[in-house]
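Please treat every number below as a calculation from the coordinates, not as lab data. Small disclaimer: the values here were computed from a predicted structure and weren't measured.
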Amino acid sequence: MKLETTAAQPGRPRAFDPDAALERAMHVFWAKGYEGTSLSNLTRAMRINRPSLYAAFGNKEELFRKVLDRYVDGPLAYFGKALAAPKARDVIEQIFFGAARMAGDPRFPAGCLMVQGALAVGTAAASVRKEAAGRRAGSEVALRRRLQRAKREGDLPKNADPAELARYVITVLQGMAVQGADGASPDQLRRVAQVALRAWPKS
């Protein structure tokens, strides 16, 4: 991993790992939300000064976008992997149980960065809210396409609506994220997932 140096500090430059710094920034945004996170919170957690933050990651909004990329490729990677499951029900089961498993991972803050991170922000951060909403919508589109394929393959009933099913799954996921942020245990979330799976149409 390439190391970079902090800028404009007296004495010897201090090296830092941009990848590790971005990981720390993700945890701050995840725990505090976009508007609840200050630049001081970020520089302290990332162990860099403001000039270095701007030089390496851009402004706060640009940093948040990079954090969302990292979140999708890291903690949320279970979603993309689930789409490769051979059967539609397996896809949904892996998504639901992946969400419950993430909720119990002590390495991560509670809830979902994509849901809580920028859901309630003021007009000044409207572009951030739009960015997060667009990414949530992208997940729904990817799931809908996977379910459309399942229907073509006879893996879903002929009267099943892939768009409605995808919206249902995403709605349950977002509810699980809120419950997780409120302190629901992984076992409680797994039970929610089991109830939700009972409603899944049989092919």
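Only aspartates and glutamates eight or more places from residue 87 in sequence, or on another chain, were considered; those with a Cα closer than 20 Å are 140, 153, 155, 161, 164.
Between the helical axis of 88-103 and the longest alpha-carbon principal axis of the chain there is an angle of about 40 degrees. Treating each Cα of the stretch 80-198 as an identical point scatterer and summing with the Debye formula, the log10 of I(q)/I(0) at q = 0.22 Å⁻¹ comes to -1.25.
If the cut-off is 23 Å between C-alpha atoms, which lysines fall inside it for residue 130, apart from same-chain ones fewer than 8 positions away? Reachable lysines: 32, 60, 66. The relative contact order of the chain, computed from alpha carbon pairs under 8 Å that lie at least 6 residues apart in sequence, is 21 percent. When the P(r) is computed for the stretch 16-70, the part past 15 Å accounts for 33% of the Cα-Cα pairs.
Under 5 Å from the amide H of residue 16 lie the amide H atoms of 4, 5, 6, each residue being 5 or more positions distant or on a separate chain, with H modelled from the backbone and absent for Pro and chain starts.
Per residue, how big is the convex hull of the chain when only Cα atoms are used? Give it in Å³. Please report the intermediate quantities before stating the final value.
Working: hull volume 24.8 nm³, N = 203.
Measuring per residue, one finds 122 Å³ for the Cα hull of the chain.
When only Cα pairs under 8 Å and 6 or more residues apart are kept, what is the percent relative contact order across the stretch 80-198?
Details: 101 pairs, mean separation 45.4, N = 119.
Relative CO of the stretch 80-198 lands at 38 percent.
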